[in-house]
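Notes follow once the structure below has been shown.
The values are calculated or read from the model by the stated rules, or taken from the named source; none is laboratory data. Since the structure is predicted, the reported quantities are computational estimates derived from the model, not experimental observations. In this analysis, Cβ positions are derived from the backbone assuming ideal geometry, glycine residues included, and neighbour counts consider all displayed protein chains.
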């Protein structure tokens, strides 16, 4: 039994050493967006542009990088969502939201408003900027990265004023939908 525990300990230490990037690795870099130090493992593809040294990089290593076709498809959805947000077109805004996000969102709106907000549009109006942010389209072009794992995804893009943004996505009936009511600032 004593040898089994030694084997488990050695195995755990070896796994930790590999995960931390010990040894040679062609995927190391001295910089990415000016913020990654030497020896930091960077994922292949466009996601590497969003890695922050010492930051929460969970999304940058989530699943796999989507293909260019998947990225284009997700980008069309995110761009339409952001245009609807900027125009305060709540019906279109809700159309682009995933059912998995919309359901709990509307339930929260119904409870908080004491029954006044009964659907997505009414919930967005009730919560206002608390839900939708500042109504600005933060995109300057298509998304730069799409991390995918099954039906879940994260669109990442470089926005206005050098701010990076993340939008969670969920695939429903073969189509990406937005799983958040406002984009997430990467640095917050």
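The condition (being surrounded by 21 or more Cβ atoms within 10 Å (Cβ to Cβ) and in contact with a strand residue (DSSP E or B) (Cβ under 8 Å, 6 or more places away or on another chain)) is satisfied by just one residue among 153, 109, 159: 153. Of the residues making up region 96-106, those that are assigned to a helix (DSSP H, G or I) and crowded, with 17+ Cβ neighbours inside 10 Å are 101, 102, 105, 106.
Taking residue 72, is it at pLDDT 50 or above, surrounded by fewer than 16 Cβ atoms within 10 Å (Cβ to Cβ) and in a helix (DSSP H, G or I)?
Spelling it out, residue 72 is indeed at pLDDT 50 or above, surrounded by fewer than 16 Cβ atoms within 10 Å (Cβ to Cβ) and in a helix (DSSP H, G or I).
Among the criteria (1) modelled with pLDDT of 95 or more; (2) over 15 Å from residue 184 (Cβ atoms), the one residue 128 does not fulfil is (1).
Residues 89, 25: which one is surrounded by 11 or more Cβ atoms within 10 Å (Cβ to Cβ), at pLDDT below 95 and either under 22 Å from residue 182 (Cβ atoms) or over 21 Å from the mean Cα position of the chain (by Cα) (or both)? Steps first, please.
Values: 89 fails: at pLDDT below 95.
From the options 89, 25, the qualifying one is 25.
Consider region 108-121. How many of its residues are more than 23 Å from the chain's Cα centre (by Cα) and in a helix (DSSP H, G or I)? Reasoning before the result, please.
First, pick out the residues of region 108-121 that are more than 23 Å from the chain's Cα centre (by Cα): 109-119, 121.
The next check asks that each one be in a helix (DSSP H, G or I); those that pass are 109-112, 121.
Count: 5.
Exactly one of (1) touching a strand residue (DSSP E or B) at 6+ places or on another chain (Cβ under 9 Å); (2) under 16 Å from residue 73 (Cβ atoms) is unmet by residue 172. Its number? Every condition holds for residue 172 apart from (1).
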